[in-house]
Structures are given as structure tokens and as C-alpha cells.
1. Between Thr13 and Glu428, what is 0.36 nm times their sequence separation minus the Cα-Cα distance? Round to one decimal in nm.
2. Please state, as a whole number in µm²/s, the translational diffusion coefficient that the Stokes-Einstein equation yields for region 16-125 at 25 °C and 0.890 mPa s, with Rh defined as the Kirkwood radius across alpha carbon pairs.
3. May I ask you to give the percent of accessible area on region 347-493 that is carbon plus sulfur, with a probe radius of 1.4 Å?
4. Ignoring any ligand, DNA or RNA, what whole percent of the accessible area of region 190-284 comes from carbon and sulfur when the probe is 1.4 angstrom?
5. What area, in nm² and to one decimal, does the C-alpha convex hull of region 440-537 cast on average over all directions?
6. Sticking with the crude label model, points 7 Å out along Cα→Cβ, report the distance from Gln288 to Gln80 in nm, one decimal please.
7. At 7 Å along Cα-to-Cβ for each site, give me the label-to-label distance between Glu70 and Arg466 in nm.
8. Tell me, in nm to one decimal, what length is gained between Lys397 and Gln477 on full extension, where the rule is 0.36 nm per residue of separation less the Cα-Cα distance?
Amino acid sequence: MLGKEELIISRETIAWSDIPAQIQLFEEALIQTRREIIELQKKISTDMGQQEAQIFDAHLLVLEDRMLIEEVISRLKKEQLNVAYIFSEVLKKYISVFLKIEDEYLKERIADISDVGKRILRNLLGKKRKGLDDLEGRAIIVAHDISPSDTAAMHSKNVAAFVTDIGGKTSHTAIMAKSLEIPAVVGLEGVTSRVNPGDVLIVDGSTGIVIVDPDKETLNNYQKKLEKLKGITDKFLSVKDLATVTTDGRIVLINANIEFPDEVPSVKLHGGHGIGLYRTEFFYMNRQDSPTEEEHYQAYKYVAEEMSPHSVVVRTLDIGGDKFLSQFKIPHEMQPFLGWRAIRFCLARPDIFKLQLRAILRASVHGNLKLMYPMISGVEELRQANQLLEEAKKELKRSGQKFNDKIEVGVMVEVPSAAMTADILAKEADFFSIGTNDLIQYSLAVDRSNEKVAYLYDPAHPAVLRLVKNIIDAAHQAKIKVAMCGEMAGEPSLALILLGLGLDEFSLPPQVIPELKYIIRAIGFKAAQEIALQALKLSTGKEVDEFSQKKLAEILK
Ligand code: PEP
Ligand code: MG
């Protein structure tokens, strides 16, 4: 068990003549910390890839923070106290300032600051790091919080799972756990005070349940559940390379959602047809500058070539909401999800937008690349975005650069006003992709990142089903294809309804692809249409859920 790390820091008065030595001690601790982080970064880069290693860029930036360094030195001179004490005080002040900022993304960065801060303190105190290295045998980690660097180090350790008191969905820790496929339950308040070293734990990452000292029967049940899960996974994986076709011959496409180009091998491994959503905002994270046109181009070219001849849908920058990018200095907003985000930001910053559009256009000659705008709320925004796309094309023509002039341009339908005017949008779009993560939060008025109202966030709600039906019908009326790239597309039981409503393409995290393929291959389109029809007659999300679960069980038995 990793408790809150105890570093005992005494408050000592120092002589004026000791100040230079204390400053030197501080500088040496910074240099040593930098060395440690670079070493760790190299190791992670070799073992896991560059993308994961980039997380430590944020740590290195903390070390270069002039304000922090200067404040320590000036207080040291003024207060004449030992540097470890001064530094811990400055660190506390920094963390409390960040805690007051009402921005989830910035709050998550507290983990970076405190992680580096602890390293510096350890070096100031000359202490050896205690933690994962001391693990004996295979273990479950229970900690108040786990830093991104600890999470990254877990892949080479015998870590079976981890549980934390605090943490959020957008933290680097959660991102890392997902990519390492380590079962994890974060934000389980008070867990460290209820678990003792040596306790036997069951960590069910799929439900967020942690059971302390389970009785024999519970342990047996979970053991069986685990074995069953393994059997099911093998069964699903057996169809991963087959076409997604229903028993009566309707073909749909199952594509993948990715955030980083290095996820492409995982897409192929899980039998993804193409990429239905390439979220590009992660490209801008953990750095102070913005990616250049060339960097964008190289990334899109790589993904396009790797997936060719299958399609890759690049979504243009979707920042704002819970995705904060420090380099753009977006002012704090009361309602960030309703604020200056995604296409609204891009239309106001044509410099940033057109740079990305030019890169997508240039990369379009290397494969089957499509582009898609997020958060379109009405046809005017689509026209304005297309106007800038035309300008980007002209700029490329002027400089003699090649691109696919007929690149398909899609609209993400994720705002209720777009869903309700889908017939108007469909006349001017090449395809639709339904973004249910946002569509649900906007149509049910439920903040998607607020755990207190999570019980209201319901993809099976009749309002959601009706909106989805309206979008699919409007798209088909205008003879364009419609995909779904929100998490709802990966819900096994709802897949039957979506298939029956006529959805053409599903886009999901790579790991879920085989299961969905298996389900769709097990049912006829006519039967799915009947299921959708019946589901639309139900009054509540709970009824829809129970009904679709029952149908799924019948199909899979
Ligand atoms: C969505 O809103 O459904 C979606 C896929 O986009 P994001 O989750 O990035 O907002
Ligand atoms: Mg969205």
C-alpha cells in the first residue's frame, strides 16, 4: 500500500553566510530531478512509445518555471530559512492556487506539479524514492493519488490493479491506466483509510467496485466471472478479421476512435475497418507551443498511409469544455461546455484553423482522408468553416502543393439544434457522425463530467433515441452516410437498436471492436429493425435498457 508519502521537513533558521550554499543545494536538486525525469522519459519512450513519454514534458516544464525558482530564492534570502522548508511552502502555495481554479484540466495538472515537487524535495532531503520499486510479488496498489510517472512505471512491475482516493477521468493517470489496460478505480474517496496492507481486494474496473476482504463465495464468483470474461474475449476475437455483416446480408462498418497516431497498430489488431474519429486536440497537449503545419501533416500522412485504402476521419480541433490547452490562453468560463469551444474557437481563430486544414488537405493525397467539424450548431457555421477550407485550398494551390480537391467533409452532429435541423445540414455535408457524448449532455442537460448528475446521463433515454433516429433518417433522405463516434456506439445492447435504426458506421475504442462485430454478425437486419421499432415505443431509459439487454441475451445464447 502506498500511503501519502511522508516527507518530514523541519523549519530551520540559517545564517546569512549559508544562503549561497542553500541556493547551490536547490540548484543541484533541480539538476538531479531533471536527470531523473529524463532518464524515466527515455525508459518509457523505449518501452512504451514516444506519446506516453511526452507526459513528462509537463514535468520538465515545472522544473523550468522561473516564477517558482525565483520565489524560492527571494524568500530564502528574505526569510533566512532552510531551502527545503521554503520550497515546500512555495509548492503548497502553488498547489492551493491551482486548486482554486475551476477548470478540470488545470486541476488535473496539480498531479504533475506535486509529482515533480516531491521529487525535488526528496533530492533536497537526500532521500531515496520509496514506492513501486519496493513492490514484492504481484500487488494491487492502493494510494491517495498516483502520479502519472508511477502509472507509467507500472507496466514493467507486477501491478495487478490500482485504486485511489482522488482522481478524475481526464487525468494523465487515468489515460495511462487505460492505455496499459490495468484495471483501475480512481476517485474512490476514503479507500486508503479502509484498506490495510495485506488485505485481499477485488478491483472491478468495469463497474468501479472494490471489495475488501471478500468471503470465499464472492471470491469464487469473481474468479468465475474472470474465466468467463476470458472465454468471451476469445470468442469475440475469433471474428475480428471478418466483415461486419448481418445474417441477412446488411454490411456496416466498424471503425476506431483514436487520439494518437501510435494507436494504429491496436486498431489493426482489433480488426477496425478504418478510423471513424481521430481526435486531434491531444496533439496540442503537454507542450507550450502549438504543433506546426508540418507536424500535423506528418501525423495525418502516417495514419492515412497505414490505414489506406480504408478511410480516416480527422476531426478538426475540438478544444474547450473539459479539454484545456494552455497555449491558447482561453479565459475562464462559467459554462465551458456551452462556451468558446471547438468550431466556435476555430472560426474565431482562422490562423490556427487554416493551418490544420492545410495539413489535412496535404495529407489527403496519401490515403483515404476525410475531415469533420465538431460542435456544428447550424448550417451557417458549416458554411463559414467551408469558406475557410476553400481559402486553405487556394493557399495550397498558390504554393503549388498537391491535395485531394474532393476531400469529403463531414459534420459531427452533437448539438441538439444540429440534430433537429439535420435535414438542412445533410444537403451541405458529405457525411454525418453522431457525437453522442455531447449530444446526450446537451439534450438531457447533464454535465458529462459531473459525477453527481451521472445517474441522469442515459444513452437509452427516449429523447436520445428519437434524436438519433431523426439524424439517421435525414441523412438517408439526402443519401449521405451516417456514423456514430460517441461512446454510445460501443454499448453492446444499444448496438442492436442503432443497427435497426439504420446506422451505417460505428466508431469505437479499438478494444471494443471485436465484441460489437460479433453481435452484429449474430443478428439479422430485419430483426434489428423490429427491435428498434419496439424500443422507440418505450417510455423510459430503464425500460429501453432492460428490453435491449434481454434481446441481446437471446441473440448471444
Ligand atoms: C462526442 O461528443 O460524442 C465525441 C465523440 O467527441 P468528444 O468525446 O471528443 O467530445
Ligand atoms: Mg464531442
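1. 142.2 nm
2. My calculation gives 166 µm²/s for D.
3. 49 percent
4. Taking all protein chains in place, region 190-284 shows 58 percent carbon and sulfur surface.
5. 6.7 nm²
6. Result: 3.5 nm between the two label points.
7. Once both label points are built, they end up 5.9 nm from each other.
8. Details: separation 80, 0.36 × 80 = 28.80 nm, distance 3.47 nm.
Computed gain between Lys397 and Gln477 is 25.3 nm.
The values are calculated or read from the model by the stated rules, or taken from the named source; none is laboratory data. Given the structure is predicted, the values throughout are model-derived calculations rather than measurements. Quick reminder, even Gly has a Cβ in these numbers, built from the backbone with ideal geometry, and neighbours come from all protein chains shown. Areas reflect the complete protein model, heavy atoms only, side chains present, ligands, DNA and RNA absent. Shrake-Rupley method; radii C 1.70, N 1.55, O 1.52, S 1.80 Å.
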